[in-house]
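K.L.:
One structure coming up, written as structure tokens, with questions to follow.
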Amino acid sequence: MKSSLTLLLSLAATAQVLAATEVLHLNQTTVMLTDANPPINATAFVNLAPFEVSVYTTLPYEFSSLRNLTNYGQMLGEPGFLFQYSEYPSGQR
């Protein structure tokens, strides 16, 4: 755990990011997203709480500009998640 956080802090200190991209998105509270919500646009995402996505399409939820994801919480997705790098603003392939 310590090495993961050290890596994320190092990334936050040295990353070159686009104007709208967060370096680190830290989720510490329950999040419930629907298809009306924009994708999370961050280089690193740390999940410490329940994170639920209910998108009423056949496409999985995609993060934008995500390079590193650390999950210590619970992630639920319908129809699921796609962990493939895609740049903002599309958020999709």
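Read the figures in this text as sums done on the coordinates, not as results from a lab. Please read these numbers as outputs of a predicted model, since none were measured by experiment. Every residue, glycine as well, gets a Cβ built from its backbone with ideal geometry; the counts of neighbours run over all protein chains shown.
K.L.:
Roughly how many nanometres apart are two label points built 7 Å out from the Cα toward the Cβ at Y56 and N71?
P.N.:
Distance between label points: 2.5 nm.
K.L.:
According to the square roots a ≥ b ≥ c of the eigenvalues of the Cα gyration tensor, what is the shape class of region 27-93, taking rounded for a/c under 1.5, prolate for a/b larger than b/c otherwise, and oblate for the remainder? Could you put the intermediate results ahead of the total?
P.N.:
On the way: a/c = 1.72, a/b = 1.10, b/c = 1.57.
The shape class here is oblate.
K.L.:
Another one. Quickly work out the F83-to-T29 label distance, labels modelled 7 Å from Cα along the C-beta direction, and quote it in nm with one decimal.
P.N.:
2.6
K.L.:
So, how do all the Cα-to-Cα distances of region 41-80 break down into 5 Å bins, in percent, from 0 on up?
P.N.:
7, 22, 23, 32, 13, 3
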